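Heads up: the structure comes next, in structure tokens.
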Amino acid sequence: MFEKLNQLLPFGNYIRNKSIQNFLFLAVIQSSNVLISLISMPLLIQNIGVDQFGLVNLALSVIVLLNILVGFGYNLSAPREVAVNQEDKDALSHLVSNVFSGKMLLAGIASMLILVGVFGFDLFKEYQMILVFSVLLLFSEATLPLWFFQGMEKMKLISIANIFSKLLFLMGIVLFIHGPEQSMWVNFMMGFFGLSINLLLLGYIHSFLEIRFYRPEFTAIWTSIKNNVLLFFSNLASHISINGGLIILSFFYSGEILGMYSLAERIVMVIRLFPALIIQAVFPNSAKLYKEDRLAFFLFLKRVYIRVLFAGALISGLTFLLSPWVIRVLSRSDLPASVQFLQLLSFVPFLACLNVGNVTLLLVADLKKILFRASWMMCAYMMIASTFLTASMGGVGLCIGILSTELMVFLICLVLLFHHKKDLLRGFYS
């Protein structure tokens with residue numbers, strides 16, 4: 001009976017598929033990061049207060065922005081190189097050595113930027129020491145071998161290691177963070193535990209996968225950096241557009257307002273992952289259908305798009321309705337400003353879902369230059385609109401700026417597709 005059922009519903013075959021395994025383990029990593037973040041929020045707010053919580057998150061926003069420099073597109077280009085050379089140990093050894101050396105070099109440059117900014121120009125005045133102690137996160141990012149295991153299609157180990165490092169971080173909060181004066185150690189602990197686990201993973205790569213570590217080949221590193229420039233700037237523009245709101249707000253407000261906005265923003269950034277995960281999930285099949293059967297591709301993407309819009313509307317609606325309860329649970333107090341911010345930002349997931357079809361079209365047609373242009377046009381609009389609206393309306397204005405950015409990038413992609421790929425636009429929307 002079970003054999004017949006397996007023939008009709010071959011779940012085992014799907015689970016054994018390496019591409020699906022990669023996606024599932026990536027989802028596990030993302031889910032664990034989200035879960036630990038949600039658990040840590042009420043602990044941190046209770047232990048260090050809303051003011052320091054906002055400054056810790058502001059420092060983390062600066063570090064995450066600089067991590068785009070540390071990654072420099074390697075997270076997109078390196079997995080492909082690893083996959084091509086899976087059976088060639090020597091080629092993998094040189095690749096791994098050069099990528100890690102390049103990322104460590106970039107982490108050193110990013111660290112110097114922070115130290116010069118803090119001690120040379122007296123920038124980031126309200127959270128200087130928090131930011132300095134957060135530098136370890138840059139080296140945690142540089143040593144993260146996610147791209148290697150993704151290319152090798154062996155994601156199980158790194159997903160377990162990621163969960164373990166996040167649990168250690170959570171334990172560190174419980175054991176060591178008990179007052180506002182200890183806020184500088186929050187991001188430091190996250191970086192310390194992440195770096196420690198990453199070094200253990202590098203030891204595993206060397207000892208069990210027989211990957212040798214060579215001296216860096218600076219010519220190869222420079223070549224890879226030049227090849228990744230377009231990917232770096234696309235990632236940078238997208239990140240600033242999506243996550244730059246807190247930094248803009250810091251120029252006009254500090255302390256409690258930052259903390260209350262940060263709480264709402266964190267929640268929204270979690271649920272905003274939904275359209276991104278959908279694109280990752282449907283991209284392989286979309287690319288295959290695009291090459292083999294254009295009509296089938298359009299029909300498939302339309303079905304996905306309708307379902308995504310429905311799910312996005314449902315997520316946004318529930319977030320709006322449950323905002324007071326969510327803020328109360330996470331902060332263990334009533335924060336009316338956070339509730340207002342969250343209710344406004346609750347429409348972000350739905351608006352982001354509007355662009356799922358356009359982004360998928362750009363990816364399957366390999367229109368990287370158009371995607372690059374769209375990313376920077378979105379970034380420019382976000383910075384101008386959000387700065388103006390924040391200056392005139394405060395946190396509410398920033399929320400409106402972010403909402404309008406999601407709508408604007410949808411329109412930008414439509415216009416660019418109309419000018420460069422009318423056949424794709426008509427095939428999908430007709």
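Among the residues examined, Ile45 does not qualify as open to solvent by less than 10 Å² (accessible area, probe 1.4 Å) and on the phi < 0 side of the Ramachandran plot.
Conditions (1) within 27 Å of Val186 (Cα to Cα); (2) in contact with a strand residue (DSSP E or B) (Cβ under 7 Å, 6 or more places away or on another chain); (3) surrounded by fewer than 15 Cβ atoms within 10 Å (Cβ to Cβ); (4) modelled with pLDDT under 90, marked per residue:
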{"residue": "Asn75", "(1), (2), (3), (4)": "yes, no, no, yes"}
{"residue": "Arg80", "(1), (2), (3), (4)": "no, no, yes, yes"}
{"residue": "Glu87", "(1), (2), (3), (4)": "no, no, yes, yes"}
{"residue": "Phe100", "(1), (2), (3), (4)": "yes, no, no, no"}
{"residue": "Leu106", "(1), (2), (3), (4)": "yes, no, no, no"}
{"residue": "Ala110", "(1), (2), (3), (4)": "yes, no, no, no"}
{"residue": "Val118", "(1), (2), (3), (4)": "yes, no, no, no"}
{"residue": "Tyr127", "(1), (2), (3), (4)": "yes, no, no, yes"}
{"residue": "Thr143", "(1), (2), (3), (4)": "yes, no, no, no"}
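Only one entry in Val396, Val356 is modelled with pLDDT of 85 or more and open to solvent by 10 Å² or more (accessible area, probe 1.4 Å), namely Val396. Only one of the numbered conditions (1) in contact with a helix residue (DSSP H, G or I) (Cβ under 9 Å, 6 or more places away or on another chain); (2) of a type in the set (Gly, Ala, Ser); (3) modelled with pLDDT of 85 or more; (4) more than 30 Å from Leu344 (Cβ to Cβ) is not met by Ser159, and that is (3). Restricting attention to the range 311-342, the residues that are in a helix (DSSP H, G or I) and either loosely packed, with under 12 Cβ neighbours inside 10 Å or at pLDDT below 85 (or both) total 5. The set of residues in the range 167-203 being under 30 Å from His94 (Cα atoms), in contact (Cβ under 8 Å) with a residue 40 or more places away in the chain and in contact with a helix residue (DSSP H, G or I) (Cβ under 7 Å, 6 or more places away or on another chain) consists of Met190, Gly191, Phe192, Gly194, Leu195, Asn198, Leu201.
If the condition is being in contact with a Ser or Thr (Cβ under 9 Å, 6 or more places away or on another chain) and farther than 17 Å from Leu35 by Cβ, then the range 150-169 contributes only Glu153. The condition of being touching a helix residue (DSSP H, G or I) at 6+ places or on another chain (Cβ under 9 Å), among the aliphatic types (A, V, I, L, M) and at pLDDT below 90 does not hold for Met377.
Ile68 meets each of the listed conditions (1) under 13 Å from Glu141 (Cα atoms); (2) open to solvent by less than 20 Å² (accessible area, probe 1.4 Å); (3) in contact (Cβ under 8 Å) with a residue 60 or more places away in the chain apart from (2). So is Ala161 surrounded by 18 or more Cβ atoms within 10 Å (Cβ to Cβ) and closer than 25 Å to Leu44 by Cα or not? Judged against the criteria, Ala161 is a match.
The values are calculated or read from the model by the stated rules, or taken from the named source; none is laboratory data. These numbers were taken from a predicted model, which means no experiment stands behind them. Counting neighbours? That spans all protein chains shown, and the Cβs are built from the backbone with ideal geometry, glycine included. For the accessible areas, the whole protein counts, side chains as well, though only heavy atoms, and no ligand, DNA or RNA atoms are used. Shrake-Rupley method; radii C 1.70, N 1.55, O 1.52, S 1.80 Å.
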